[in-house]
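Peer 1: Before I ask anything, here is the structure I am working with.
The values are calculated or read from the model by the stated rules, or taken from the named source; none is laboratory data. Remember, predicted model here, so these are calculated numbers, not experimental data. Here the Cβ positions follow ideal geometry from the backbone for every residue, glycine too, while neighbour counts run over all protein chains shown. Calculation scope for accessible area: heavy atoms of the full protein, side chains included, ligands and nucleic acids excluded. Shrake-Rupley method; radii C 1.70, N 1.55, O 1.52, S 1.80 Å.
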Amino acid sequence: MRALATNTVRLMAAPQSFLVPAETALGHGIEVISGREEARLIYLGVAHAQPPKPGNLRLVIDIGGGSTECIIGRGFQTIERESLQVGCIATTRRFFGSGRLSPRKWQEAVIEVGAEFQQFANAYRALGWNEAIGASGTNKAISEICVAMKLTKGAVTAQALPQVRDRLLEAGSIDAIDLPGLSAERRAIIAGGVVVLEAAFNALGLERMAVSK
């Protein structure tokens, strides 16, 4: 058994205040891993769930609560790994902390989050990939919204994403969000997740992203 801690614990001022009681409760040591190691393990998880075609390059994007990992790999080996300090919870709190959703604030959020992706976007696009896959609950939730809105059959596309965004903005506030296919527990953080994915689509020139099993 291997117990791992990721972004939330990496950012703690006093991680031992969590780790000591948590390790006692688990009966196992907890290893705090780097963002790049988190990215490697995410890629492996996707590769084992959906074995890659020989020779194909694969882009994997995982939107977590506090960080987002972007990985390009071939087979079971990673080639490029990045971990960004943007996630669905952190981004929602940063830009929509008041609970209001406005087009102006949304555009500001996409631009600022997009700047994080721009740091490596050119290198990733130069390398290229044969398929893009989203991992994590956020990407799965956005996929389920696309299906429920009858925009796609399971993937997230460059045509569907703006329609999801527009429905969010129509709500005007986080409390008023009423998207088909969206669970109640995801409502409070979905706006930040859609911002991060829109920024990724823009920076990386994505047209279609499948969702990992």
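Peer 1: Once fully extended, how much extra length lies between H48 and S34, figured as 0.36 nm per residue of separation less the alpha-carbon to alpha-carbon distance?
Peer 2: The span from H48 to S34 would gain 2.9 nm if fully extended.
Peer 1: Can you sort H28, H48 by 1.4 Å-probe accessible area, starting with the largest?
Peer 2: In descending accessible area the options line up as H48, H28.
Peer 1: Output ³J(HN,Hα) for segment 30-37: one whole-Hz value per residue in order, computed from phi by the Karplus curve 6.51 cos²θ - 1.76 cosθ + 1.60 with θ = phi - 60°, and x for Gly and Pro.
Peer 2: Using θ = phi - 60°, the values come out as 10, 9, 8, 9, 6, x, 6, 5 Hz.
Peer 1: Between the DSSP loop rule and a limit of at most 16 other Cβ atoms within 10 Å, which trypsin sites (Lys or Arg not before Pro) in segment 1-52 are left?
Peer 2: Hits after loop and neighbour filter: R2.
Peer 1: Give me the percent of the accessible area of segment 1-92 that comes from carbon and sulfur atoms, probe 1.4 Å, all protein chains in place.
Peer 2: Looking at segment 1-92 in its full context, I get 57 percent from C and S.
Peer 1: Moving to a separate point now. With a 1.4 Å probe and all protein chains in place, put W129, W106 in order of accessible area, largest first.
Peer 2: W129, W106
Peer 1: Got a sec? Charge dipole of segment 101-213, +1 on Cβ for Lys and Arg, -1 for Asp and Glu; which of A132, V194, S173 is way out at the positive end?
Peer 2: With unit charges placed on the Cβ atoms, the residue in question is A132.
Peer 1: Can I ask one more? Tell me which chymotrypsin sites (Phe, Trp or Tyr not before Pro) from segment 1-97 have a DSSP coil assignment and no more than 16 other beta carbons within 10 Å of their own.
Peer 2: F76
Peer 1: At E131 and K213, where each label point lies 7 Å from the Cα along Cα→Cβ, what is the point-to-point distance in nanometres?
Peer 2: Modelled inter-label distance: 1.1 nm.
Peer 1: Separate question: Pairs of alpha-carbon atoms within less than 8 angstrom and 6+ residues apart define the contacts here; what relative contact order does segment 54-213 have, in percent?
Peer 2: Reported relative contact order: 31 percent.
Peer 1: What ³J(HN,Hα) values, in whole Hz, does the Karplus curve 6.51 cos²θ - 1.76 cosθ + 1.60 give for segment 148-153 when θ = phi - 60°, with x put for Gly and Pro?
Peer 2: Whole-Hz 3J(HN,Hα) from phi for segment 148-153: 5, 7, 6, 9, 9, 9.
Peer 1: Counting only heavy atoms of protein chains, what accessible area per residue, in Å², does the chain have with a probe of 1.4 Å?
Peer 2: 49 Å²
Peer 1: Any lysines with Cα under 22 Å of the K213 Cα? List them, leaving off those in the same chain fewer than 8 positions away.
Peer 2: Answer for K213, where 22 Å is the Cα cut-off: K53, K140, K150, K153, listed by chain and number.
Peer 1: To make sure I understand the rule: partners must be aspartates and glutamates, Cα under 15 Å from the Cα of K105, and not fewer than 8 residues away in the same chain. Which ones qualify?
Peer 2: Answer for K105, where 15 Å is the Cα cut-off: D166, E170, E198, listed by chain and number.
Peer 1: What residue among I145, I79, I61 has the largest mean-square fluctuation in a Gaussian network model of the chain, using Cα springs under 10 Å?
Peer 2: Evaluated over the chain, the most mobile residue of the options is I79.
Peer 1: Still on this structure, please answer the following. Each residue of segment 138-144 in order: what ³J(HN,Hα) in whole Hz does its phi give by Karplus 6.51 cos²θ - 1.76 cosθ + 1.60, θ = phi - 60°, with x for Gly and Pro?
Peer 2: Here the 3J(HN,Hα) series is 5, 5, 5, 5, 5, 4, 5 Hz.
Peer 1: Where the centroid of each part is defined by its Cα atoms, how far is segment 147-213 from segment 48-79 in Å?
Peer 2: Cα centroid of segment 147-213 versus Cα centroid of segment 48-79: 21 Å apart.
Peer 1: Rounded, prolate or oblate: pick one for segment 95-181, where a ≥ b ≥ c are the square roots of the eigenvalues of its C-alpha gyration tensor, a/c under 1.5 means rounded, and failing that, prolate if a/b is larger than b/c, else oblate.
Peer 2: Oblate, because a/c is 1.5 or more while a/b does not exceed b/c.
Peer 1: Placing unit charges on C-beta atoms (Lys and Arg positive, Asp and Glu negative, everything else neutral), compute the dipole magnitude of segment 94-213 about its Cα centre in debye, rounded to 20.
Peer 2: 140 debye
Peer 1: Another question about this same structure. Taking only C-alpha pairs under 8 Å that are 6+ residues apart, what is the relative contact order of segment 137-205 in percent?
Peer 2: 34 percent
Peer 1: Suppose accessible area is computed on protein heavy atoms with a 1.4 Å probe; arrange T78, T68 from highest to lowest.
Peer 2: Descending order: T78, T68.
Peer 1: While we're here: Run the helix sum for the chain: -39,500 (n - 2.57) per DSSP H stretch of 4+ residues, divided by residue count, reported at 222 nm to the nearest 500 deg cm²/dmol.
Peer 2: Counting only the DSSP helices, I get -15500 deg cm²/dmol.
Peer 1: Right, something else. What relative contact order, as a whole-number percentage, does segment 40-107 give when Cα pairs under 8 Å and 6 or more residues apart are counted?
Peer 2: With pairs under 8 Å counted, the relative contact order is 26 percent.
Peer 1: Using the crude model of +1 on Lys and Arg Cβ and -1 on Asp and Glu Cβ, and no other charge, please compute the dipole size for segment 1-156 relative to its Cα centre, in debye to 20.
Peer 2: Once rounded to the nearest 20, the dipole reads 440 debye.
Peer 1: With equal scatterers on the alpha carbons only and no solvent term, can you work out the Debye log10 of I(q)/I(0) for the chain at 0.10, 0.18 1/Å?
Peer 2: -0.44, -1.30
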